[in-house]
1. What does the charge count near residue A:191 come to, summing +1 for each Lys or Arg and -1 for each Asp or Glu among other residues with Cβ under 9 Å from its Cβ?
2. Would you mind telling me which residue in A:96, A:221, A:69 has the biggest mean-square fluctuation in a Gaussian network model of chain A, where springs connect alpha carbons within a distance under 10 angstrom?
3. Straight distance only, please: which aspartates and glutamates reach the Cα of residue A:161 with their own Cα at less than 19 Å, same-chain residues fewer than 8 apart left out?
4. List, largest first, the extents of the alpha carbons of segment A:1-69 along their principal axes, each in whole Å.
5. Using a 1.4 Å probe and ignoring any ligands, DNA or RNA, find the accessible area of residue A:238 and quote it in Å² to the nearest 10.
6. When each pair of different Cα atoms in segment A:49-146 is counted once in the 1/r mean, what is the Kirkwood radius in angstroms, to one decimal?
7. Beyond 17 Å, what percent of the Cα pairs of chain B remain?
8. Regarding chain A, what whole-number volume in Å³ per residue does the convex hull of its Cα atoms give?
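The values are calculated or read from the model by the stated rules, or taken from the named source; none is laboratory data. On a predicted model such as this, the values are computed, not experimentally measured, just so you know. Backbone-built Cβ (ideal geometry, glycine too); neighbour counts: all protein chains shown. SASA here: full protein model, heavy atoms, side chains in, ligands and nucleic acids out. Shrake-Rupley method; radii C 1.70, N 1.55, O 1.52, S 1.80 Å.
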Amino acid sequence: MSADQIYISTDKPPAEPAALVDDFAPSLITQANHHLCPGCGEPIAIRAAVEAIEELALADRAIAVFGIGCYTAFAPNLDVEVVQALHGRAPSVATGIKRMLPDGFVMTVQGDGDMVNEGLQEVLHAAARGENITCLLLNNGVFGETGGQMTTTTTLGQRTKTSIEGRDPHQHGHPILLSDLIATLDGAAYVARCAVNNAGNVARTKRYITRAYESQMAGGGFSLVEILTMCPTGWFVDTLEGPDYLQDTLAPVHNIGELKTP
Amino acid sequence: MTVRGTVVIDVEACKGCDLCIDACPPRVLEMTVHEVNTKGYRYPRLLAGCTGCQACAQICPDFVFQVYKYDTPLELPTGEAARQ
């Protein structure tokens, strides 16, 4: 702090006339306190996802299917109907819900360990069948919940607890770039990949999620938004280094952008 | 200095991850050094110059920020004038 700087009081709203432009948490997050680690990217992504639900006025007919991962602990904090699926099976559960409630809005929230390791065939078949659901993939390249082990989306050379010297293609194989894979399937209507490592990318994430929701409500078919999230605990980096680590490690391989649009 | 917005910071919800510090375009958020909340985490404090852009609120994983935009921008005294 330099000599001419003084702190502004931030313990209560300003006395001067001012408009509230961003409340603490969106109204669909009823319990803002959670037990996810400092610097975690998943609450940022979930905030964007529920803000998009709010803006499209889908809250009263939204059903979210959660997979297994750290984000599962966040499910009770949401004012959205949540169904808990078995590990990796969320797209199949969502398929059943959507077929029974075609006017409902059905989404899944899954991590890379859940969707790409454990339940790859579920998401591939749901996409190939063109099920009219939206899947959100929170991809951080590690099994965050169990302590930072390698997943199939871990990039080559990335150090994890189970690839200490970096991921070696001869020993561990190559990463699966799920969005690129899904984009080649005819049943997929909207596929995009984004990140939450800076404010610009968070805004872009929300834009892509909104387009995916709109695609579902228009009956377009399967939509997937892959969101690269920070996991400083699983990556064994400082929380402040998380966004740069994501940019240097995950983003060059899992390219950000819209891969398929209707 | 012209100030177009301000934030309310829920210090007790903060987990001290520093993401807001880098996200703030005018760079007016600063982490405490010695002060911590009851959970033991450092937390951000606001310097003059907030624009109410909401970048901190959007990047915060713990929903610590509430952002206000002033109807008319404020002129805050800086330097020696502010201390008097």
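1. Details: positive: A:193, A:260; negative: A:180, A:226, A:258.
Net charge around residue A:191: -1.
2. A:96
3. Leaving aside aspartates and glutamates fewer than 8 places away in the same chain, those within reach of residue A:161 are A:112, A:114, A:118, A:145, A:238, A:241, A:248.
4. That works out to 52, 31, 16 Å along the principal axes.
5. 90 Å²
6. Taking every pair of different Cα atoms in segment A:49-146, averaging 1/r and inverting gives 13.4 Å.
7. Of the Cα pairs, 47 percent sit more than 17 Å apart.
8. 144 Å³
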